[in-house]
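Asks: Dumping the structure here so I can ask a few things about it.
The values are calculated or read from the model by the stated rules, or taken from the named source; none is laboratory data. Keep in mind that this is a model prediction, so the values were computed, not measured. Don't worry about glycine lacking a Cβ; one is built from the backbone with ideal geometry, like all the others, and counts go over all protein chains shown.
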Amino acid sequence: MAPYEHLVIFFHGIGASGSQLMPLASSWRSSLADFRFIAPDAPFHHARGHQWFSVDGLQLQPDRIREVRKAFDGTVGQAIATEGFDLAHERVAFVGVSQGAIVALDAVASGRWQIGALVAFAGLLPSGPISSRGRETPVLLVHGEADQTIPAFASTMAAAQLGAAGFGVELDVQPGVGHTISPEGAQKALTFLRKTFMAKAVK
């Protein structure tokens, strides 16, 4: 039995590490007291840290995403089992930023991971079929309108595609925000997680 009611797994961006997202967890702890927060490092080496998949100017190539699914699933599966949530995926949330948001979106949209909630900051949905198996997972997409790395239109398009596949999706495009997690975006995600898991608890 897990000592916490819920688990949030953070997925960092390219060339970073999980520890860089833990300040966000610290800012949420007082509002999500029964949540456990973890942030594993991506399984592949990068010159500045870690990465979920190799880019080399080909960030939008869907083959790159498919090739690393086994490594992603292994990292996530081990983390969930270690924390005692292997039989309670409905109480797990994925929170990804940039490249971490891309692999988290792929994990849910492909139907491989059916979890309690997904938050994607400044990400995109890789092209490919969307499975109906994951559509019970509520999704929040947060994107800066001034993002020069991954255009905000990527999240707008992802919201439309996921919505058409039957997912419940919220989209928040933030004026003047670049490729980052803004304080407003962090608050939006916090509110979303509280609302989503409180609603599940009532059912």
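Asks: In the list Q51, Q61, which residue meets the criterion of being under 27 Å from L193 (Cα atoms) and not hydrophobic (A, V, I, L, M, F, W, C)?
Replies: So the residue among Q51, Q61 that is under 27 Å from L193 (Cα atoms) and not hydrophobic (A, V, I, L, M, F, W, C) is Q51.
Asks: Where the second residue is assigned to a strand (DSSP E or B) and the first is surrounded by fewer than 23 Cβ atoms within 10 Å (Cβ to Cβ) and lies in segment 105-133, which pairs have Cβ atoms under 6 Å and are six or more apart or on separate chains?
Replies: G116/V92; G116/A93
Asks: Further, regarding this structure: Name the one entry in Q51, Q20 that is among the polar types (S, T, N, Q) and crowded, with 19+ Cβ neighbours inside 10 Å. First the steps, then the outcome.
Replies: Details: Q20 fails: crowded, with 19+ Cβ neighbours inside 10 Å.
Just one listed residue meets the conditions, Q51.
Asks: List every residue pair whose Cβ atoms lie under 7 Å apart, where the two residues are 6 or more positions apart in sequence or sit on different chains, the first residue falls within segment 61-79 and is surrounded by 15 or more Cβ atoms within 10 Å (Cβ to Cβ), and the second residue, located anywhere, is among the hydroxyl-bearing types (S, T, Y).
Replies: R64/S54
Asks: Tell me, yes or no, whether segment 34-47 has at least one residue that is among the basic types (K, R), out of contact with any helix residue (DSSP H, G or I) (no Cβ under 9 Å at 6 or more places or on another chain) and closer than 17 Å to V95 by Cα.
Replies: Our first condition is that a residue be among the basic types (K, R); within segment 34-47, this holds for 36.
Applying the additional criterion that residues be out of contact with any helix residue (DSSP H, G or I) (no Cβ under 9 Å at 6 or more places or on another chain) yields 36.
Next, from what is left, pick out any that are closer than 17 Å to V95 by Cα: 36.
Checking segment 34-47: at least one residue is among the basic types (K, R), out of contact with any helix residue (DSSP H, G or I) (no Cβ under 9 Å at 6 or more places or on another chain) and closer than 17 Å to V95 by Cα.
Asks: If you go through segment 76-85 one residue at a time, do you hit one that is over 21 Å from I181 (Cβ atoms), among the hydroxyl-bearing types (S, T, Y) and either part of a loop (DSSP other than H, G, I, E, B) or in contact with a Gly (Cβ under 6 Å, 6 or more places away or on another chain) (or both)?
Replies: No, there is no match, as no residue in segment 76-85 is over 21 Å from I181 (Cβ atoms), among the hydroxyl-bearing types (S, T, Y) and either part of a loop (DSSP other than H, G, I, E, B) or in contact with a Gly (Cβ under 6 Å, 6 or more places away or on another chain) (or both).
Asks: Further, regarding this structure: Return the residue satisfying two criteria in turn: it lies in segment 142-201 and is in a loop (DSSP other than H, G, I, E, B) and hydroxyl-bearing (S, T, Y), and of such residues it is farthest from I115 (Cα to Cα).
Replies: Of all residues in segment 142-201, those in a loop (DSSP other than H, G, I, E, B) come to 145-152, 165-168, 175-182.
Filter once more, so that each one left must be hydroxyl-bearing (S, T, Y): 149, 180, 182.
Values: T149: 28, T180: 24, S182: 25 Å.
Once the filter is applied, the top-ranked residue is T149.
Asks: Look at segment 43-59 and say how many of its residues are more than 30 Å from L87 (Cβ to Cβ) and outside any loop (DSSP other than H, G, I, E, B). Walk me through how you get there before you give the answer.
Replies: At the first step, the residues of segment 43-59 found to be more than 30 Å from L87 (Cβ to Cβ) are 45-49, 51, 54-59.
Pick out the ones that are also outside any loop (DSSP other than H, G, I, E, B) and you get 45-46, 49, 51.
Looking only at that region, the number is 4.
Asks: Condition test on A154, is it more than 17 Å from the chain's Cα centre (by Cα) and surrounded by 14 or more Cβ atoms within 10 Å (Cβ to Cβ)? Outline the logic, then answer.
Replies: Numbers: more than 17 Å from the chain's Cα centre (by Cα): no; surrounded by 14 or more Cβ atoms within 10 Å (Cβ to Cβ): yes.
In short, no.
Okay, residues lined up against (1) at pLDDT 95 or above; (2) assigned to a loop (DSSP other than H, G, I, E, B):
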site	(1), (2)
M1	no, yes
Y4	no, yes
I9	yes, no
Q20	yes, no
A25	yes, no
A33	no, yes
R36	yes, no
D41	yes, yes
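Asks: Just to be sure before I move on: is V95 under 27 Å from G185 (Cα atoms) and assigned to a loop (DSSP other than H, G, I, E, B) in the structure I sent?
Replies: Values: under 27 Å from G185 (Cα atoms): yes; assigned to a loop (DSSP other than H, G, I, E, B): no.
Spelling it out, it is not the case that V95 is under 27 Å from G185 (Cα atoms) and assigned to a loop (DSSP other than H, G, I, E, B).
Asks: Which of (1) closer than 24 Å to I181 by Cα; (2) touching a helix residue (DSSP H, G or I) at 6+ places or on another chain (Cβ under 9 Å); (3) buried (at least 21 other Cβ atoms within 10 Å of the Cβ); (4) modelled with pLDDT of 95 or more does S98 not meet, given it meets every other one?
Replies: Just one mismatch for S98, condition (2).
Asks: Hey, does segment 61-75 have a residue that's outside any helix (DSSP H, G or I) and closer than 20 Å to L124 by Cα? Break it down stepwise before answering.
Replies: At the first step, the residues of segment 61-75 found to be outside any helix (DSSP H, G or I) are 61, 68.
Checking which are closer than 20 Å to L124 by Cα leaves us with 61, 68.
Looking through segment 61-75, at least one residue is outside any helix (DSSP H, G or I) and closer than 20 Å to L124 by Cα.
Asks: For segment 170-203, give me each residue that is within 18 Å of R91 (Cα to Cα) and buried (at least 16 other Cβ atoms within 10 Å of the Cβ). Spell out how you get there, then give the answer.
Replies: In the first step, residues of segment 170-203 are kept if they are within 18 Å of R91 (Cα to Cα); the result is 189-203.
A189, L190, F192, L193, T196, F197 - these are the residues of segment 170-203 that are within 18 Å of R91 (Cα to Cα) and buried (at least 16 other Cβ atoms within 10 Å of the Cβ).
Asks: Got a sec? Which of A160, A146, A154 is among the hydrophobic types (A, V, I, L, M, F, W, C) and either without any contact (Cβ under 8 Å) to a residue 12 or more places away in the chain or at positive phi (or both)? It would help to see each step written out before you state the result.
Replies: On the way: A146 fails: either without any contact (Cβ under 8 Å) to a residue 12 or more places away in the chain or at positive phi (or both); A154 fails: either without any contact (Cβ under 8 Å) to a residue 12 or more places away in the chain or at positive phi (or both).
Matching residue, one of A160, A146, A154: A160.
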